[in-house]
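We did not get these values from a lab; they are worked out from the coordinates using the rules stated. Quick caveat, the model's predicted, so the values are computed rather than measured. We place every Cβ from the backbone using ideal geometry, glycine too, and count neighbours over all the protein chains shown.
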Amino acid sequence: MGLFTSASMVLYQILFLALFVTSVVHCKTIKRDMKALNEIKASLGWRVVYAWVGDDPCGDGNLPPWSGVTCATVGDFRVVTELEVYAVSIVGPFPTAVTNLLDLTRLDLHNNKLTGPIPPQIGRLKRLKILNLRWNKLQDVIPPEIGELKQLTHLYLSFNNFKGEIPKELANLPDLRYLHLHENRLIGRVPPELGTLRNLRHLDLANNHIVGTIRELIRYEGCFPALRNLYLNNNYLTGGIPAQLANLSNLEILYLSYNKMSGIVPATLAQIPKLTYLYLDHNQFSGRIPDAFYKHPFLKDMYIEGNAFKDGVIPIGVHKVLELSDTDFLF
C-alpha cells in the first residue's frame with residue numbers, strides 16, 4: 001500500500017510539473033508589448049529585423065525570443081523587461097513606441113545613429129533602472145520627464161547633441177548612481193539640486209558649454225555625500241576652488257582641466273582621504289601647491305601644467321605625452 005501511494009505521488013508530481021511547464025510555454029505575451037515591439041521592428045530597418053523572427057518578441061514556443069529582448073512572466077502573461085539593441089547602426093528618430101513597454105527595467109540603444117529628441121513620454125517607464133542612449137545623434141533638450149523615473153540608477157546620455165540646460169528634475173531620482181552627460185552641447189549652470197542625490201557616485205559633465213562656479217554647485221550643506229568621481233573638464237567654469245569642496249569626503253577623481261578657473265589651490269583639498277587623481281591643468285590657477293598634496297598617501301597623479309603657478313611647483317606622477325608620427329597610421 002505504501003509503495004502504491006509513493007508511486008501515485010511521484011506520478012502526480014510529474015503530471016503537475018508537465019502541466020506547469022505547458023502553461024509557461026503557452027503563456028502569451030501581453031498585447032501591449034507585442035504591438036510596441038512590432039512597431040519598433042517596422043521602424044528599425046533590416047539590421048535588426050533579420051534577427052527578429054515571428055510576431056511574438058518573447059518567442060512562441062517554436063521560435064526563440066527576439067535578439068536583445070528579455071521577458072518575464074507576470075500572472076498569465078509575459079512582459080518585456082529589457083530591450084538591448086546597440087551597435088547595429090539604427091538610423092532614424094528615437095522609437096516612441098518604446099515608451100509603451102511599461103515593464104522595462106533596462107533600455108539600451110547605445111552606439112547607433114538615432115536622431116531627434118527623446119520624447120517626453122519617456123516618463124511613462126516608471127520601472128526603468130538603466131537608460132543608455134550614449135553614442136547617438138540625439139538632439140534638443142534633455143526632457144525633464146526623465147526625473148519621473150524614480151527607480152533609475154544609471155543614466156547615460158553622453159556623446160550626443162543635446163542642448164539647453166541640465167534639467168534640475170534629475171535631482172528627483174533618489175537611486176541615481178551614475179550620471180553621464182559628457183560630450184554634448186549643454187549650457188548654463190549645473191543645478192545645485194544634483195547635490196541632494198544621496199547615492200550619486202559618478203558625475204560626468206565634461207566637454208560641454210557649462211558656466212558658473214564650483215561654489216554654486218556645492219552650496220547645499222552635506223551635498224554629494226557618496227560622490228567618488230567628478231568630471232567638469234573642458235567647460236567654461238570660472239572662480240576658484242572653494243575650501244568646502246573638501247567636504248566631499250568620498251571623492252577619488254577631481255577633473256577640472258581646461259576651464260577658466262583661477263586663484264590658489266586650498267590646502268584643505270589635500271584632506272580628502274582617498275583623492276587619487278587631481279586634474280588642474282590649463283586653467284589660471286596661481287600661487288603654490290601646498291606641501292600636504294605631496295605627502296598624500298593616495299594621490300597618484302596631479303596635473304598642473306598650463307597655469308600661473310610659481311616657479312618650483314611640480315606635478316605628481318609621471319605624465320607621458322603620446323607622440324605619434326605619420327608612419328604610425330600606416331598599415
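How tilted is helix 2-25 with respect to the longest principal axis of the chain? Cα atoms for both, answer in degrees (0 to 90, nearest 10).
60 degrees
Taking the Cβ of each residue in Trp135, Trp66 as the centre, tally the other Cβ atoms inside 10 Å and list the residues starting with the fewest. Don't skip to the answer; put the middle values down first.
Numbers: Trp135 19, Trp66 24.
Ordered from fewest to most neighbouring Cβ atoms within 10 Å, Trp135, Trp66 come out as Trp135, Trp66.
Just the isolated ones, please: cysteines in the chain lacking another cysteine beta carbon under 4.7 angstrom.
Cysteines lacking a close Cβ partner in the chain: Cys27, Cys223.
Where does each of Asp291, Asp311, Asp301 land when they are ranked from fewest to most other beta-carbon atoms within 10 angstrom?
Ascending number of Cβ neighbours within 10 Å: Asp311, Asp291, Asp301.
I want the antiparallel fraction of DSSP beta bridges within the chain, as a percent rounded to 5. Before the final figure, lay out each step's value.
On the way: 7 of 51 bridges.
Counting DSSP beta bridges with both partners in the chain, the antiparallel share is about 15 percent.
Tell me, how many Å apart are the Cα centres for region 147-179 and for region 93-125?
First find each Cα centre; the distance between them is then 14 Å.
Mind listing the long-range amide H neighbours of Arg78? Cut-off is under 5 Å, sequence gap 5 or more, other chains count too, H placed in the peptide plane at 1.01 Å from N.
Residues meeting the amide H criterion: Lys28, Thr29, Ile30.
To the nearest 0.05, what FRET efficiency results for Val53 and Asn161 with a Förster distance of 22 Å applied to their C-beta separation? Could the numbers behind the result be given before it?
Values: r = 34 Å, r/R0 = 1.55.
Efficiency at R0 = 22 Å is approximately 0.05.
Return the calculated 222 nm mean residue ellipticity for the chain, to the nearest 500 deg cm²/dmol, obtained by summing -39500 (n - 2.57) across DSSP H runs with n ≥ 4 and dividing by the residue count.
Helix-only estimate at 222 nm: -4500 deg cm²/dmol.
How much length would be gained if the chain were fully extended between Arg219 and Asp175, taking 0.36 nm per residue of separation minus their Cα-Cα distance, in nm to one decimal?
Gain in length upon complete extension: 13.7 nm.
Between 0 and 90 degrees, rounded to the nearest ten: what's the tilt of helix 31-44 against the longest Cα principal axis of the chain?
Tilt relative to the chain: about 60 degrees.
Report the residue, chosen from Glu193, Glu216, Glu252, that carries the largest GNM mean-square fluctuation when the chain is represented by alpha-carbon nodes joined by springs under 10 Å.
Sorting by GNM fluctuation, first place goes to Glu216.
So how far apart, in nm, are the two label points at Asp76 and Asp291 if each is 7 Å from Cα heading toward Cβ?
Going by the 7 Å Cα→Cβ label model, 7.9 nm.
Could you give the dipole magnitude of region 69-329 about its Cα centre, charging the beta-carbon of Lys and Arg +1 and that of Asp and Glu -1, in debye to the nearest 20? Write down the numbers at each step before the final one.
On the way: 27 positive and 25 negative charges, 100 e Å.
Around 480 debye, computed over region 69-329.
Two decimals is fine: what is log10 I(q)/I(0) at q = 0.15 Å⁻¹ for region 69-329, from a Debye sum with one equal scatterer on every Cα and no solvent?
Scattering profile of region 69-329, log10 relative to I(0): -1.07.
Given Thr196, Leu245, Leu133, which one lies farthest toward the positive end of the charge dipole of the chain, if we put +1 on the Cβ of every Lys and Arg and -1 on the Cβ of every Asp and Glu?
Thr196
Can you tell me the length gained on complete extension of the stretch Glu193 to Lys310, counting 0.36 nm per residue apart and subtracting the Cα distance?
Length difference between fully extended and current span is 38.5 nm.
If contacts are Cα pairs under 8 angstrom and at least 6 residues apart, what is the relative contact order of the chain in percent?
That works out to 7 percent.
Which value in nm describes the separation of the simple spin-label points at Val318 and Phe298, placed 7 Å from the Cα toward the beta carbon?
2.4 nm
Under a 10 Å cutoff between Cα atoms, tell me which one of Ala270, Ala246, Ala292 has the largest fluctuation in the Gaussian network model of the chain.
Ala292
List the pairs from Lys129/Lys168; Lys137/Lys274; Lys35/Lys129 whose alpha-carbon separation is above 28 Å, in the order I gave them. Mind dumping the intermediate values first?
Details: Lys129/Lys168 19 Å; Lys137/Lys274 37 Å; Lys35/Lys129 23 Å.
Too far apart for the 28 Å limit: Lys137/Lys274.
For the pairs Lys163/Lys260; Lys41/Lys113; Lys31/Lys113, flag any whose C-alpha to C-alpha distance is greater than 23 Å.
Values: Lys163/Lys260 21 Å; Lys41/Lys113 16 Å; Lys31/Lys113 29 Å.
Checking Cα-Cα distances, Lys31/Lys113 exceed 23 Å.
Cut-off is 10 Å between beta-carbons; in what order do Lys31, Lys260 appear when sorted fewest neighbours first?
Starting with the residue having the fewest Cβ neighbours, the order is Lys31, Lys260.
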